[in-house]
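Working notes, structure below.
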Amino acid sequence: MENVMGTLNRTELDKLERRELQLTILATAFVLVQAAGLAMFMYPLVFLHPVGNKWTLRVAFFGFCALTLLFAGYLLDRHRTVRKLKEHILAELERNLTLQHQASVDLLQTMPDQNHFWDRLTMEYRRAMTMQKTLSLLLVKAKSANASAKVDRLAVAIANDASSEAWSDAAKAMSRKLRPTDSIYRLSTDVFALVLPETDVLNAKRIAPGKHNLSFDISAHNYPEHVKSSHELEDIVKSLLPAEDQWATPVPAGRV
């Protein structure tokens, strides 16, 4: 349900509801005025100077008045039904967006973190070095949009929600392009890392996310083309992580 709230939001629906109410009131008033005018012309012929069977004319007269009132009631009931339908649509829309956002958050929270990443990177590096194969590391970092700007808590919350969904979409897009031997990790709030055995830089960059609500800084690093040791790969990754995450990074025993 991409960008639904941009095309079908509460403000626009409220405007449509007000216009529909205005049209309903106008149509009801028009029907009642026309019916009242016609009833005034019919009254002398029905009650004062009846032509033919007066009871048939009176039944027709009262039937016309009843149908007019029923039609006016139908117009008002139609407006009430449209209003309830709008409220139901908005409730379902908000529920679906909440579920979609929760699914995005759950996906990000269940992704492998730094602990798994360092172990996998060490293992794949050793394998690449032993078997004389290539190893690519693709790093995807969200670009900060004017981090120094002052924003209120509501704006921050909205931005975080949008970022979570954009990150989730990006993660799913990249995961679909991975081979069974590839792996993806979430190293921090705004950093993804992909370990790609036997992959060159060109093919690694093809896995990068496409157009999403976030902009990304994407870098690919290849062994042995760009780096000659696992420590160089580690330093590159740590340079993208927040300071507290860098120092907290566990170092597996026997790191090459």
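Just give me the residues in the stretch 190-208 being surrounded by fewer than 19 Cβ atoms within 10 Å (Cβ to Cβ) and touching a residue at least 40 places away in the same chain (Cβ under 8 Å), in sequence order.
Selection gives E198, D200, V201, N203, K205.
Can you tell me which condition R127 does not meet? The list is (1) part of a loop (DSSP other than H, G, I, E, B); (2) open to solvent by 90 Å² or more (accessible area, probe 1.4 Å), and all the others hold.
With respect to (1) part of a loop (DSSP other than H, G, I, E, B); (2) open to solvent by 90 Å² or more (accessible area, probe 1.4 Å), R127 is out only on (1).
Residue-wise test of (1) free of Cβ contacts under 8 Å to residues at least 40 places away in the same chain; (2) surrounded by fewer than 12 Cβ atoms within 10 Å (Cβ to Cβ); (3) aromatic (F, W, Y); (4) at positive phi.
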site	(1), (2), (3), (4)
T11	yes, yes, no, no
R19	yes, yes, no, no
T28	no, no, no, no
M40	yes, yes, no, no
F64	yes, no, yes, no
G73	yes, yes, no, no
L97	no, no, no, no
Q109	yes, yes, no, no
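The values are calculated or read from the model by the stated rules, or taken from the named source; none is laboratory data. Just so we're clear, the structure is a prediction, and the values are computed from it rather than from any experiment. All Cβ positions, even for glycine, are placed from backbone atoms using ideal geometry, and neighbour counts span all protein chains on display. The protein model used for the area step is the full one, side chains on, heavy atoms only, and it has no ligands, DNA or RNA in it. Shrake-Rupley method; radii C 1.70, N 1.55, O 1.52, S 1.80 Å.
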